[in-house]
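As structure tokens, the structure follows; a few thoughts come after it.
The values are calculated or read from the model by the stated rules, or taken from the named source; none is laboratory data. All of these numbers come straight from a predicted model, not from anything done at the bench. Positions of Cβ are backbone-derived with ideal geometry, glycine not excepted, and every protein chain shown enters the neighbour counts.
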Amino acid sequence: MSNATPALLEPPPSSMKKNSPNDVEPSADDILREIEYTMGDSWLPLIYSQRILKLRTRSYEFPSLARNSAPEIQHTLLGIELKAGRKRMLCPDLATARYLAVFARAGCKAIAIPYDITKISHLADALESSWHRMLLVADNLTSNRNAVFVTRVRTMLIGKVRDAIATAGAGTRIPEFRQSTRQGLR
């Protein structure tokens, strides 16, 4: 996967730090490029397009969620639920709830879920660490800027992730089942 990364990501501006008082602060777009470049193979849309969409998946559509509704995983008598805003989504297991929570945070409308449930836990780990690392890099690059600029960068970053995932697509509604079996080959 690392061979494809340099072709997909363009390097950030030559210097993100101010060397003298006359230097111009990097713009929000420059910081977004720096974040994407720094993330490399762990960039969330790259994980989605290269690791998740390559698998056999089914699509999942979120109910209409309120903006900035922080998802919570709740353990109830009925099982595990993902609560975002006033909506509750029943999940078959904790790994699926963690997987969906990352995309709910980003505000995605529809995503692909791997059909093989044994892969969801590993992908949820990768997605969660990518999400948190992305926000840490953003905070680090904007540490010396005002709160309005930091909020703008975060909003643009989450929007960029959401748009990239929407562009990659949500996969098919129902996974493809292969009809050929060993018995049919006799």
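So the values come out like this:
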{"item": "Checking L141 against (1) buried (at least 19 other Cβ atoms within 10 Å of the Cβ); (2) in contact with an Asp or Glu (Cβ under 7 Å, 6 or more places away or on another chain); (3) of a type outside the set (D, E); (4) closer than 17 Å to P45 by Cβ, the condition it does not meet", "result": "(4)"}
{"item": "The stretch 21-48 - residue that is part of a helix (DSSP H, G or I) and hydroxyl-bearing (S, T, Y) and, of those, nearest to P114 (Cα to Cα)", "result": "Y48"}
{"item": "Condition check for L127: in contact (Cβ under 8 Å) with a residue 60 or more places away in the chain, crowded, with 17+ Cβ neighbours inside 10 Å, within 15 Å of I52 (Cα to Cα) and under 12 Å from the mean Cα position of the chain (by Cα)", "result": "yes"}
{"item": "Top-ranked residue in the stretch 142-172 [being of a type in the set (D, E, K, R) and in a helix (DSSP H, G or I); ranked as farthest from Y115 (Cα to Cα)]", "result": "R152"}
{"item": "Residue list for the stretch 115-143, filter: in contact with a Lys or Arg (Cβ under 6 Å, 6 or more places away or on another chain) and closer than 18 Å to I73 by Cα", "result": "A124"}
{"item": "Unmet criterion (only one of (1) touching a Lys or Arg at 6+ places or on another chain (Cβ under 6 Å); (2) under 18 Å from R162 (Cβ atoms)) for E72", "result": "(2)"}
{"item": "Selection count, the stretch 110-143, where residues are over 27 Å from D30 (Cα atoms) and among the charged types (D, E, K, R)", "result": "3"}
{"item": "Pairs with Cβ under 7 Å, 6+ apart, first in the stretch 155-177 and within 19 Å of G40 (Cβ to Cβ) and modelled with pLDDT of 75 or more, second hydroxyl-bearing (S, T, Y) and surrounded by 12 or more Cβ atoms within 10 Å (Cβ to Cβ)", "result": "I165/Y48; A168/Y48; A168/S49"}
{"item": "Verdict on R88 being in contact with a strand residue (DSSP E or B) (Cβ under 9 Å, 6 or more places away or on another chain), of a type in the set (K, R), surrounded by 19 or more Cβ atoms within 10 Å (Cβ to Cβ) and free of Cβ contacts under 8 Å to residues at least 40 places away in the same chain", "result": "no"}
{"item": "Residue check for S49: within 19 Å of A168 (Cβ to Cβ), touching a Lys or Arg at 6+ places or on another chain (Cβ under 6 Å) and modelled with pLDDT of 90 or more", "result": "no"}
{"item": "Criterion: of a type outside the set (D, E, K, R), out of contact with any Gly (no Cβ under 8 Å at 6 or more places or on another chain) and at negative phi - qualifying residue of A66, A70", "result": "A70"}
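One line per residue, one yes/no per condition, for (1) under 14 Å from the mean Cα position of the chain (by Cα); (2) in a loop (DSSP other than H, G, I, E, B); (3) of a type in the set (S, T, Y):
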residue: Q50; (1), (2), (3): yes, no, no
residue: S64; (1), (2), (3): no, yes, yes
residue: S69; (1), (2), (3): no, yes, yes
residue: A112; (1), (2), (3): yes, no, no
residue: S121; (1), (2), (3): no, no, yes
